[in-house]
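The values are calculated or read from the model by the stated rules, or taken from the named source; none is laboratory data. Predicted model only: the values in this text are computed from it and were never measured. As a convention, Cβ positions derive from the backbone with ideal geometry for all residues, glycine included, and neighbour counts pool all protein chains shown.
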Amino acid sequence: MRGRGELFGDYIVIDVIAEGSESVVYMAYEPVRHRRLAIKTYVPDGDPECCIQRARLLAALEHPNVARVDACGSSGGEVFLAMDLIDGPTVARWLSRSHRAWKDIVDVFVSLGRGLSAAHASGLAHGAFGPRHAMIDERGCPRVVGFGIRNETSDPVADQLSFSAALCEALGGQRALETCVPKPVSAVVTCGLSTSAATRWPLAVLVRRLEMEAAEAA
């Protein structure tokens, strides 16, 4: 773990934001552009070049609902992502602060679903999507964060099931789906939870249908 004031490539470490089993996230300062940003570091669990290739895919992804990655590379045996420092709560915290109307929750998840779908179209899967890996920035825009670059077994289907499960929980669970959410909307969420490929829509289709049914029901 790096301490305050240490150099990390072109960046100066300010503080540790989060530490997980696979990565550490630092708040850092970039002297060249006079700005603060987040640096996420990983120790490769195999060929470092595989991690770097996935990091480059993430750096090439530009979508308003995905945390923007400015640069990626390796330093001191670690692969790193330099990305936007988002000033706002996680979606988990946003949900816990007060009671949220079903439409507000669905709107947030529709935005996050767009970001996830854009990642899938770029050949990336998240691998651990949930309310703790999504944030609402200072402009009120929901953004997906926390993409993994070590786990090459992550797949879009797992992301879609995680997305649907997180949305179901955010809306209050299965009982709330049946009693507090309009039936066309709850039907879409239920479809997203299906483990059968025959009855489960791809995430991009699910998100479009969710947006349409929510708009008509509101």
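What the table below lists for this structure:
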read-out	value
Failed criterion for residue 96 (all others in (1) assigned to a strand (DSSP E or B); (2) surrounded by fewer than 19 Cβ atoms within 10 Å (Cβ to Cβ) hold)	(1)
Matching residues in region 96-116 - criterion: being more than 17 Å from residue 149 (Cα to Cα) and touching a Leu at 6+ places or on another chain (Cβ under 7 Å)	102, 105, 106, 109, 110, 113
Single residue of region 1-19 satisfying the filter (among the charged types (D, E, K, R) and without any contact (Cβ under 8 Å) to a residue 12 or more places away in the chain) that is farthest from residue 31 (Cα to Cα)	4
Residue selected from region 136-148 under the condition among the hydrophobic types (A, V, I, L, M, F, W, C) and over 8 Å from the mean Cα position of the chain (by Cα), by the criterion surrounded by the most Cβ atoms within 10 Å (Cβ to Cβ)	136
Residue within region 26-47 that is outside any loop (DSSP other than H, G, I, E, B), touching a residue at least 60 places away in the same chain (Cβ under 8 Å), crowded, with 18+ Cβ neighbours inside 10 Å and in contact with a helix residue (DSSP H, G or I) (Cβ under 8 Å, 6 or more places away or on another chain) present	yes
Near pairs, Cβ below 7 angstrom, 6+ apart or cross-chain, from region 63-78 (over 18 Å from residue 135 (Cα atoms)) to any residue that is among the β-branched types (Val, Ile, Thr) and in a strand (DSSP E or B)	78/41
Test: residue in region 151-168 that is surrounded by fewer than 17 Cβ atoms within 10 Å (Cβ to Cβ), closer than 30 Å to residue 45 by Cβ and at pLDDT 95 or above	yes
Any helices (runs of 4 or more DSSP H) falling wholly within region 123-216 and containing at least 1 residues that are among the basic types (Lys, Arg)	174-179, 183-192
Checking residue 128 against (1) modelled with pLDDT under 95; (2) hydrophobic (A, V, I, L, M, F, W, C); (3) surrounded by fewer than 17 Cβ atoms within 10 Å (Cβ to Cβ), the condition it does not meet	(3)
